[in-house]
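Remarks on the structure that follows.
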Amino acid sequence: MLTNTSLATKKRILQVCVRLFLEKGYKKTTMAEIIKKAGVSNSSIQNIFGSKDGILTELVRFMFSAQFSAARGIAQKDLPPVCVYAVETSIQLAMTELNENIREIYIEAYTQKAASEFIFRETAKELYAIFGKFQPELDEKDFYALEIGSAGLMRGYMAHPCGGEMTLEKKLRCFLSLSLWAYHVPPEEVAQAIAFVSKLDVRKIAGQVMQELFCALAMHYEFSAQGLEGV
């Protein structure tokens, strides 16, 4: 159990790390830099988070919640669930095209064991709620297993920047075609979801969500978001 002193230390570490991860990227942020800027010892970080990966897991827990909350706020409230999924995942993929540090954070999140396990567990709940009707023989545990595969698909497309023949529009279309097929969504609903996303200005929406995410992070971890607009 964390004491008041260790809670204050945890907060200070997170304030520094969130800012550094967004400004410099996860990999370029060193433990030495975190220790210096947060004014803490290496043992304090190890006792609270275990490692830099542990800090990432803490950050991912908040980022995913804030990101999808912002995305749902922008999406139309009367959208079919399959279209909501299409919009949310498309926004996430588009965000990684707009910001290389966000790309790196998400790729690491889908790679590191603790962070990815959190993503798998939380996403499985939403997937079961959306796609359970298409595979009524499956339960939430089955969707957890399926999410491991669809998360790998998401990570793969995130890690491959758009360019040349791979436009953002093609990337979104390919990801949605594959992921919705895996969840046994009827072809007509797959076509409807892809058509809906294709009519959106996904880059603009992703930019709005990203700025809302920066503001939410700044508010939650109590640091200034000034300067992050151009990150």
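As an exercise, identify the trypsin sites (Lys or Arg not before Pro) in the stretch 122-231 lying in DSSP coil whose Cβ has no more than 12 other Cβ atoms within 10 Å. Can you show the working numbers first?
On the way: sites: K125, K133, K141, R155, K170, K171, R173, K199, R203, K204; in loops: K199.
Within the stretch 122-231, the qualifying trypsin sites (Lys or Arg not before Pro) (loop, at most 12 other Cβ atoms within 10 Å) are K199.
Answer rounded, prolate or oblate for the stretch 20-62, using the Cα gyration tensor with square roots of eigenvalues a ≥ b ≥ c: rounded when a/c is under 1.5, else prolate when a/b is larger than b/c, else oblate.
oblate
Rounded to the nearest 20 debye, what is the charge dipole size of the stretch 119-231 about its Cα centre when +1 sits on each Lys and Arg Cβ and -1 on each Asp and Glu Cβ?
300
Taking only DSSP H segments of four or more residues, each worth -39500 (n - 2.57), what value at 222 nm results for the chain once the sum is divided by all its residues, to the nearest 500 deg cm²/dmol?
-24500 deg cm²/dmol
Give the angle, between 0 and 90 degrees and rounded to the nearest 10, that separates the Cα long axis of helix 168-182 from the longest principal axis of the Cα atoms of the chain.
Rounded to the nearest ten degrees, it is 70.
Mind putting a number on the dipole of the stretch 37-184 about its Cα centre? Charges go on the C-beta only, +1 for Lys and Arg and -1 for Asp and Glu, and I need it in Debye to the nearest 20.
Working: 15 positive and 18 negative charges, 42 e Å.
The calculation lands at about 200 debye.
Test of understanding: extend the Cα→C-beta vector of A145 to 7 Å, then name every residue of the stretch 110-137 with backbone N under 13 Å from that spot.
Within reach of a label on A145: 137.
Grab the stretch 1-109 and count how many Lys pairs have their alpha-carbon atoms under 16 Å apart, sequence gap of 8 or more, or different chains.
15
Run the numbers on the stretch 3-115 and let me know its relative contact order in percent, using alpha-carbon pairs under 8 Å that are six or more apart.
34
Report, in degrees rounded to the nearest 10, the 0 to 90 angle that the Cα long axis of helix 187-198 makes with the longest principal axis of the chain.
Computed tilt is about 50 degrees.
Applying 1/(1 + (r/R0)^6) with R0 = 22 Å to the Cβ-Cβ distance of A32 and S6, what FRET efficiency is obtained, to the nearest 0.05?
0.55
If you filter the stretch 137-230 for GluC sites (Glu not before Pro), then keep DSSP loop positions with at most 13 other Cβ within 10 Å, what is left? Let's see the in-between values first.
Details: sites: E137, E140, E147, E165, E169, E188, E189, E212, E222, E229; in loops: E137, E165, E222.
Filter output for the stretch 137-230: E137, E165, E222.
Test of understanding: what is the full-extension gain from S177 to E23, defined as 0.36 nm times their sequence separation minus their Cα-Cα distance?
Separation in residues times 0.36 nm, less the Cα-Cα distance, equals 52.1 nm.
Would you work out if the stretch 100-178 is rounded, prolate or oblate? Take a ≥ b ≥ c from the square roots of the eigenvalues of the alpha-carbon gyration tensor; rounded if a/c is under 1.5, else prolate when a/b is larger than b/c, oblate otherwise.
oblate
I'd like the distance between the alpha-carbon centres of the stretch 73-115 and the stretch 19-72, rounded to an integer number of Å.
19
Would you mind putting 36-42, 18-24, 87-93 in packing order, based on average other-beta-carbon counts within 10 Å, highest first?
By packing density, highest mean first, the sequence is 87-93, 18-24, 36-42.
Which residue, A86, F175, I45, has the largest displacement toward the positive end of the dipole of the chain when charges sit on each Cβ (Lys, Arg +1; Asp, Glu -1)?
The residue sitting most towards the positive pole is I45.
With viscosity set to 1.002 mPa s and temperature to 20 °C, compute the Stokes-Einstein D of the chain, Rh being the Kirkwood radius across alpha carbon pairs; µm²/s, no decimals.
115
All of the numbers you see were taken from the coordinates with simple rules; none came from a lab. Note that the structure is a prediction, hence the values are computed from the model and not measured. For neighbour counting, all protein chains shown are included, and Cβ atoms are generated from backbone atoms with ideal geometry for every residue, glycine included.
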